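Trainee: Quick one: the structure is below, and I'll ask about it shortly.
The values are calculated or read from the model by the stated rules, or taken from the named source; none is laboratory data. This is a predicted model, so every value here is computed, not measured. Heads up, the Cβs are rebuilt from the backbone with ideal geometry, glycines too, and the neighbour counts pull from every protein chain shown. With ligands, DNA and RNA removed, areas are computed over all heavy atoms of the protein, side chains included. Shrake-Rupley method; radii C 1.70, N 1.55, O 1.52, S 1.80 Å.
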Amino acid sequence: MARIALCIHFEELRTRFEDFQRAGRPERLAYAFVSGWKHMPVTARPRARANGLPDRGITGRG
């Protein structure tokens with residue numbers, strides 16, 4: 001279930017933003033039984049919407 005939710009989340013990010021770039025050094029998890037990223041700072045530019053206005057993006061506010 002979590003993998004599906006993450007796939008949907010990243011698909012939404014790709015539809016709203018473009019030009020993803022690293023904004024810092026990524027940090028990996030330091031566990032032997034779990035591999036992955038702890039932090040991976042990125043920057044992205046909002047995509048223009050069909051009506052020509054920039055997308056407000058994801059702000060975390062309702």
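Trainee: Which pairs do you get when a residue that is hydrophobic (A, V, I, L, M, F, W, C), found in the stretch 37-49, comes within reach of a residue that is modelled with pLDDT of 90 or more and open to solvent by 90 Å² or more (accessible area, probe 1.4 Å), reach meaning Cβ atoms under 8 angstrom, with the pair 6+ apart or on two chains?
Mentor: Close Cβ pairs (under 8 Å, with a partner that is modelled with pLDDT of 90 or more and open to solvent by 90 Å² or more (accessible area, probe 1.4 Å)) amount to 37/28; 40/22; 42/20; 42/21; 42/22; 44/20; 44/21.
Trainee: While we're on this one: Search the stretch 4-39 for residues being of a type in the set (Lys, Arg) and more than 29 Å from residue 49 (Cβ to Cβ), and hand back the single one that is most open to solvent (accessible area, probe 1.4 Å). Can you show your working first?
Mentor: The first filter runs over the stretch 4-39 and keeps only residues of a type in the set (Lys, Arg), leaving 14, 16, 22, 25, 28, 38.
Cutting the leftovers down to more than 29 Å from residue 49 (Cβ to Cβ) gives us 25, 28, 38.
Details: 25: 210, 28: 124, 38: 115 Å².
Of everything passing the filter in the stretch 4-39, 25 is most open to solvent (accessible area, probe 1.4 Å).
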